[in-house]
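Single-structure report; data block below.
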Amino acid sequence: MGKMLVDAEVIRALADILTETGLSEIEIAEKDQRIRVARNLGGGGVVAPVAAPVAVETSSQVATQDLSKDPGAVLSPMIGVAYLTPEPSAPAFVTVGQQVQAGQVLMLIEAMKTFNQIRAPKAGKVTRILVSSGDPVEYGEVLAVIE
């Protein structure tokens, strides 16, 4: 492996993405070289505006369960920031206990200033919502469960 050339502009751009999305780390790789930028959100993290309270179950409450294998699990297709409402003063797209149709919008994930609709993969009842508005989410993370 040759000497890695560090491009300060790339690092600044990655740091900007962390700030914009609320993520705690980001990594890029090209051939055999990688750049990882991380930040500690311990005490002075960025706080995103949060809409009206929505009934949610935090991932710490279900930490002992592996919901990713649940047939009704709705997984995040990307890294980003979850939003349960279309705008801060609007009601939530869905709530726990609500019946949904296949294709119905459940929430949004913002990634690189683009809001992506997360739709119900099947019809059923929303039994769990595992994220809150403004939460950073990872690829493959369980967002909700539909039974």
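What follows is calculated from the coordinates using simple rules that are stated; it is not laboratory data. Please read these numbers as outputs of a predicted model, since none were measured by experiment. Here the Cβ positions follow ideal geometry from the backbone for every residue, glycine too, while neighbour counts run over all protein chains shown.
Restricting attention to segment 78-114, the residues that are aliphatic (A, V, I, L, M) and assigned to a loop (DSSP other than H, G, I, E, B) total 9.
Yes/no per residue for (1) farther than 13 Å from GLY72 by Cα; (2) in contact (Cβ under 8 Å) with a residue 60 or more places away in the chain; (3) among the β-branched types (Val, Ile, Thr):
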position	(1), (2), (3)
SER89	yes, no, no
PHE93	yes, no, no
GLY103	yes, no, no
ALA111	yes, yes, no
THR114	yes, no, yes
ARG119	no, no, no
ALA123	no, no, no
THR127	no, no, yes
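Return the total of residues in segment 91-137 being among the small types (Gly, Ala, Ser) and either surrounded by 13 or more Cβ atoms within 10 Å (Cβ to Cβ) or in contact with a Phe, Trp or Tyr (Cβ under 6 Å, 6 or more places away or on another chain) (or both). Looking only at that region, the number is 7.
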